[in-house]
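All of the numbers you see were taken from the coordinates with simple rules; none came from a lab. Just so we're clear, the structure is a prediction, and the values are computed from it rather than from any experiment. As a convention, Cβ positions derive from the backbone with ideal geometry for all residues, glycine included, and neighbour counts pool all protein chains shown.
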Amino acid sequence: MASFKDRQGFEMGKWPELRESFNKVIQVVWAEKELSEQFKQELFTMASIGSGCTHCQSHGAFHLNDMGVEKERIRDIWTYTTSDAFSDGERAAFDLMLAASQIPNATTPEHFENLRKHYSDTQIIEILAVSSAAAWLNRWNDTIATVTDQESVDWASENLSDVGWDVGKHTGEEAEQRKAHPLNMKWIKR
């Protein structure tokens, strides 16, 4: 299998204005408006599952763990349709995230009918904003096979392997490896 040579040259940090602008978008999207930061992070993780980006899956799950979310609830995101951990409203939002993360987009009017049973229009806009931000990150990181930091790989390997998570193509040489999750690094502001 061919390796992704010098891919760290394609990271957003190489275009500081892009990194700074996207960080501002993330801060706005994840700010608590009507939906909690935890739920938004769960939605991000679900969108990453739907897109297949294991890099973002591990980051989403690790961040939830860092926020104090129980490991069982995090694991249950992978099996949300059969888990008792989630409400009907949360499942409706997860259904939308999975459909929206497909290419081509698989959302239907029924997704919005189900969402409207549980959420206001403002809350649905928040859900869509998370979906869109996740799509950007999923596409960027999966396209260049961004090397996942060791902290997230270790956590996800220990806690998510049996629900189907695998680092996949997001491995690299030691020189490419970050040691810490991005939120533990200085260039991301919480």
Check A129 against each of (1) surrounded by fewer than 20 Cβ atoms within 10 Å (Cβ to Cβ); (2) more than 20 Å from L18 (Cβ to Cβ) and name the one condition it does not meet. (2)
Residues of the stretch 25-60 being closer than 21 Å to I144 by Cα, part of a helix (DSSP H, G or I) and of a type in the set (A, V, I, L, M, F, W, C), in sequence order, are I26, F44, M46, A47, I49, C56
Residue satisfying condition, being farther than 21 Å from I26 by Cα and in contact (Cβ under 8 Å) with a residue 24 or more places away in the chain, within set S51, S120: S120
For the stretch 42-63, check the following and say yes or no: at least one residue is of a type outside the set (D, E) and over 16 Å from the mean Cα position of the chain (by Cα). no
Could you list, in sequence order, all residues of the stretch 9-24 that are in a helix (DSSP H, G or I) and in contact with a Ser or Thr (Cβ under 9 Å, 6 or more places away or on another chain)? F10
Given the criterion touching a residue at least 12 places away in the same chain (Cβ under 8 Å), closer than 18 Å to L64 by Cβ and part of a helix (DSSP H, G or I), identify the matching residue among A133, A129, A99. A133
Within the stretch 72-96, count every residue that is over 15 Å from L43 (Cβ atoms) and assigned to a loop (DSSP other than H, G, I, E, B). 4
